[in-house]
1. What do you reckon, how do LEU183, LEU135 stack up by accessible area (1.4 Å probe), largest on top?
2. Among the listed pairs LYS84/LYS180; LYS142/LYS180; LYS141/LYS172, give every one whose C-alpha distance is greater than 25 Å.
3. Compute the orientation-averaged projected area for the range 32-186 from the convex hull of its Cα atoms and round it to one decimal in nm².
4. Given the options PHE18, PHE131, PHE147, state which has the largest fluctuation in a GNM of the chain using a 10 Å cut-off (strictly under) for Cα springs.
5. Highest GNM mean-square fluctuation, the chain, Cα pairs closer than 10 Å: which of ALA36, ALA174, ALA138?
6. Could you compute the FRET efficiency for LEU212 and ARG159, with r as their C-beta to C-beta distance and R0 at 41 Å, rounded to 0.05?
7. Please check which bits of the range 162-181 a label hung off SER102 would reach, taking the label as a point 7 Å along Cα-to-C-beta and the cut-off as backbone N under 14 Å.
8. Quick one: accessible surface of TYR203, probe radius 1.4 Å, all protein chains present, in square angstrom to the nearest 10.
Amino acid sequence: AKINYEGQLALSWQTFWFGPFLVGGELGSPGEVSSALPAMLQTLRPLWRDRACDFLADSGSSSAEHLQAIEQAGFTHWSVSYNKWTTGPERTAAALPENCWSTAAKTRWRDGVEVTEQYAGIRHTVAGSDFTFPLAVARWKKDDQMFWRYAFVAHDPRRTDAGAVMARHRLKGAREQLFKEVLRGLDLHHPPCASLVANRMFYAIAALAYNLMKAVQLLCLPDECQGWTVPTLLKQRVRLPATLVRHGRRLVTRVEVAVSWLGWWHQWQARWWRAVAAEAAVPSG
């Protein structure tokens, strides 16, 4: 929405994740940032070239143009939530014979509600486009309901099991949690600058800071620290309490370091001082 819940002008941030890292982002007006996806796919394609890789996206990437770009990007598998233009797919799904649907199964949602759920596959062509793609369809209803409700996921044509496609696509929720962690942990809900260009630079720096923290967490910290959130990483690694004391006619900084990553601190300190000593040993002039 162009206006947020507080009645203020809103911005959108289109992000691209590769594993745990935020590797691409576009800040701008709602609606326009989705157009950044094809360019991101071209720029970032070396990340998944020559390796198995799945692409998961929300409904902001469900236009025919974006689906074609995703299909041509070289992913092993891909899936996109499809909930913008569902009138045609709903008619097609409702007309499917019963033998096209999977066996009905009881499913309990996270809020505790129990529903009957089934899966099927259809093909769909967006109006005004000749691009046809498969849709995994889920239909469900509660015990006291008469009519089915439907959900759709566009996906690559190499898969035919609609239930498996839906199950795989639900992994997108973990990526969305990482996005929320970046917004909350680095306080990015409210852009700080009056200029859009300045805000874009601010968010790019924030993404870089996040990736640096995650890299140190994954590569250097022990297993017990892998569940730390962004606020915890900031508290434990960046905002370190320190005191200045005079020792041998010199000012010395004493830093309090958590026991859980004291080993990493010693290694970092050794590398840092070796680099400083080597630089000081190079003759000038």
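1. On the way: LEU183 25, LEU135 0 Å².
Result of the area sort, largest leading: LEU183, LEU135.
2. Values: LYS84/LYS180 23 Å; LYS142/LYS180 31 Å; LYS141/LYS172 23 Å.
From LYS84/LYS180; LYS142/LYS180; LYS141/LYS172, over 25 Å: LYS142/LYS180.
3. Values: hull surface 45.1 nm².
With the hull built on Cα positions only, its mean projection is 11.3 nm².
4. Its mean-square fluctuation being the largest, the pick is PHE147.
5. ALA174
6. Values: r = 36 Å, r/R0 = 0.88.
Given R0 = 41 Å and the Cβ-Cβ separation, E is 0.70.
7. Flagged as within label range: 162-171.
8. 10 Å²
The values are calculated or read from the model by the stated rules, or taken from the named source; none is laboratory data. Please read all numbers here as calculations on a predicted model, not as lab measurements. All Cβ positions, glycine included, derive from the backbone under ideal geometry; neighbour counts span all protein chains shown. Accessible surface is based on the protein model in full, side chains and every heavy atom, while ligands, DNA and RNA are left aside. Shrake-Rupley method; radii C 1.70, N 1.55, O 1.52, S 1.80 Å.
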